[in-house]
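So the structure is just underneath, and the comments pick up after that.
Derivation of every value follows stated rules applied to the coordinates shown; laboratory data play no part. Computed from a prediction, not measured in an experiment: that's the story for all the values here. Note: ideal-geometry Cβ built from the backbone for every residue, glycine included; neighbour counts use all protein chains shown.
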Amino acid sequence: MLIKIAWRNIWRNKTRSLVVIGSIIVGVWALLAGTGFMNGFMVSYSADMIEHDISNLQVHHPDFKTDFDIKYYLPDAIEKAEELRVWPGVSGVTTRMISNGMVSSPQKAGAVQIRGIDPENEAIVTGIDSMLIEGTYFEDVKRNPVIIGSKMAENLKVKLRSKIVLTFTDGNGDVTAGAFRIVGIIKSSSISINELYAFVKQEDITRLFGINGEAHELAILTEKQFDEDLILNKYQAEYPNDKIESWREIAPELEFMQEMYANMLYILMAIIMIALIFGIVNTMLMAVLERSKELGILMAIGLNKMRVYFMIVIETIFLALIGAPIGLAIGALNISLYMEKGVDLSNYSEGLEAFGYSSILYPYLEASVYPIVTIAVFITAIIAALYPAYKAIKLKPVEAIHSI
C-alpha cells in the first residue's frame, strides 16, 4: 500500500517529478561522459607511450641506464631477441643501440638520443613506419639514412634529403661524428619521438661505435591483456645478470598519472552527486511543504510517522529508478559512439601535443563503472530524501490540516 501511494504521489505533480528525473538523467550522463573523456585522455596517453616508445618491457645491462655509456651493451642481445619472439604472450621484440649526443644542421644544433634500430622489428614493436608524414621508411637513401621527428626537423630547420651530423662518444671513449641524410620525418603524440630521437639503421651506428653485433636494449611488446609480469619473471629466472623492467618502472609517471586521474574521477563523482543531492532536496522539500495538509490528514487518521518517513524516501527512490537507467543508457550510447569514431580535437592540437596527447580522443569506460555509478545514484537519492522526510514527520497534524 505504501509503495502504491508513493508511486501515485510522484505523478500528481508531473512537472516537478520530471524536473527531478531530468536532473538525475543529466547528472548520470555528465558523470559517465566526464569519466569517459578523462579515461580517454589517460588511456590514449599511456597506450601511445607504451606502444610507440617504451614498450611493455625493456632489458638492459644493469649499469647502462646510469649514464648511457655505450660500453655497457647487452651480451648476446640478438640471440636473446630471437628466443623471446617465440615466448607465449610476446607480440614483438626489437634490439636497439642507444647513445646520447648532439645533432647539428647548417642552421642549428641540439641534444639528441641516437637510436640504432632493426627497421623490420622496430616497425612491429613501435609502429614507427606508421608515423611517417614525409619521406620513406629507410628507403631511397643508401648510405646513413636517418628518420627524425617533425619538431626536431622544425628546430634544426631541415627537410627531406637534408644532411645532419650526429656527434657522440664511440666504444673507445673518443668523440666521433657521422653525417646522415634525412630519409623520413615522423610525427607522434610522444614529445620524445617528436623532439629528441633520431632513428638510424643499427648496422650504420654500430660501425661508427666500433661495436658490432651487439645491442644496448631489448624492447618487448606483449599481446593485449597479457600479464607482462609472467614474461618478466621468466626472463629474470633465465637471465639473472640482465636488468628487465616493466613500463611501470621505466615510466613511473604513467602510473602516478593513472592514480591521479582515478582520484580526480572520485572528486568529479562527488561534485556531481552533491549537486544532485541539493537538487533533489530542494524539489522534495517543496513537495513536502505543498502537501503538508495531506500529510497532516494521513497522520491524523493513523498513519504513523515512520510510514510517512518511508513514503517520502520511497518516492525519491522511484525518481532515481526512473532517471538513473535513462541517464546510464544515454551515457553508454555516447561513450560507445565516440569510442569508435573518436572526438576530433584538432583545433587544440598544438596545445595537446605540447603535453603529449593525441588530437583524436577516444572516450573509454570500463564495465565496472556502470554498477558503481548506479549504486552512487541510489545512495545519493536516499541521502537527499532524509531531510525532506524528516521535515514531513515533524509536521503537527492539527496545524498541517488547517494550513492553506
- Message: As an exercise, use a Förster radius of 56 Å and the Cβ-Cβ distance of MET286 and LYS224 to find the FRET efficiency, rounded to the nearest 0.05.
- Response: 0.60
- Grab the other residues whose beta carbon is less than 13 angstrom from that of ASP242, score K and R as +1, D and E as -1, and report the net. -3
- Degrees between helix 14-49 axis and first principal axis of the chain (Cα, 0 to 90, nearest 10): 10
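For ILE267 and LYS142, FRET efficiency with R0 = 60 Å and r from the beta-carbon atoms, rounded to 0.05? Each step should come with its number before you reach the end.
Values: r = 57 Å, r/R0 = 0.95.
Working from the Cβ atoms, E equals 0.60.
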- Message: Taking the alpha-carbon distance from LYS234 and a cut-off under 23 Å, which lysines remain once sequence neighbours fewer than 8 residues away in the same chain are dropped?
- Response: LYS65, LYS80, LYS224, LYS243
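With an 8 Å cut-off on Cα pairs and a minimum separation of 6 or more residues, tell me the relative contact order of the chain in percent.
Answer for the chain is 26 percent.
Let me spell out the model: positive unit charges on the Cβ of Lys and Arg, negative unit charges on the Cβ of Asp and Glu, origin at the Cα centre of segment 88-238. What dipole size does that give, in debye rounded to 20? If you can, show how the numbers build up before the last one.
Details: 16 positive and 20 negative charges, 184 e Å.
For this selection, approximately 880 debye.
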- How high is the FRET efficiency between ILE274 and TYR72 when r is their beta carbon distance and R₀ equals 45 Å, given to the nearest 0.05? 0.25
- For segment 12-36 and segment 91-112, write down the distance between their C-alpha centroids in whole Å. 54
- Task: Go from 0 up to the bin containing the longest alpha carbon distance in segment 62-241, width 10 Å each, and give me the % of pairs per bin.
- Result: 9, 37, 35, 16, 3, 0
- Item | Length added when fully stretched, ASN212-GLU259, from 0.36 nm per residue minus Cα-Cα | 12.6 nm
- Message: Using the Karplus curve 6.51 cos²θ - 1.76 cosθ + 1.60 with θ = phi - 60°, what ³J(HN,Hα) values do you get for each residue of segment 380-393, in whole Hz, with x for Gly and Pro?
- Response: 4, 4, 5, 4, 5, 7, 4, 5, x, 5, 5, 4, 5, 6
- Once you have the Cα-Cα distance between ARG181 and SER336, take 0.36 nm times their residue separation minus that, and quote the gain in nm to one decimal. 51.3 nm
- Provide the per-residue ³J(HN,Hα) series for segment 250-264, in order, calculated from phi with Karplus coefficients 6.51, -1.76, 1.60 and θ = phi - 60°, each as a whole number of Hz, with x at glycine and proline positions. 5, 10, x, 5, 5, 5, 4, 5, 4, 5, 5, 5, 4, 5, 5
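Quick check: residue separation of LYS108 and LYS14 times 0.36 nm, minus the Cα distance between them. What number comes out in nm? Can you show the working numbers first?
On the way: separation 94, 0.36 × 94 = 33.84 nm, distance 7.11 nm.
Residue separation times 0.36 nm, minus the Cα-Cα distance, leaves 26.7 nm.
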- Give me PHE378, PHE209 ranked fewest to most by other Cβ atoms within 10 Å of their Cβ, as a rough exposure proxy. PHE378, PHE209
- When SER130, SER188 are ranked with the fewest other C-beta atoms within 10 Å first, the list becomes SER130, SER188
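Quick one: of the DSSP bridges fully inside the chain, what percent are antiparallel, nearest 5? If you can, show how the numbers build up before the last one.
Values: 41 of 51 bridges.
Roughly 80 percent of the DSSP beta bridges within the chain come out antiparallel.
Out of all Cα-Cα pairs in segment 1-114, roughly what percent, to the nearest whole number, are more than 19 Å apart? Can you show the working numbers first?
Numbers: 4699 of 6441 pairs.
Counting every Cα pair in segment 1-114, those more than 19 Å apart make up 73 percent.
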- Message: 7 Å from Cα along Cα→Cβ at both ARG307 and ASP174: what's the point-to-point distance in nm?
- Response: 10.1
- Message: With volume of the Cα convex hull per residue in Å³ as the read-out, I listed [x] 237; [y] 175; [z] 185; which label goes with the value calculated from this structure?
- Response: [y]
- State the antiparallel share, in %, of DSSP beta bridges confined to segment 62-241, rounding to the nearest 5. 75
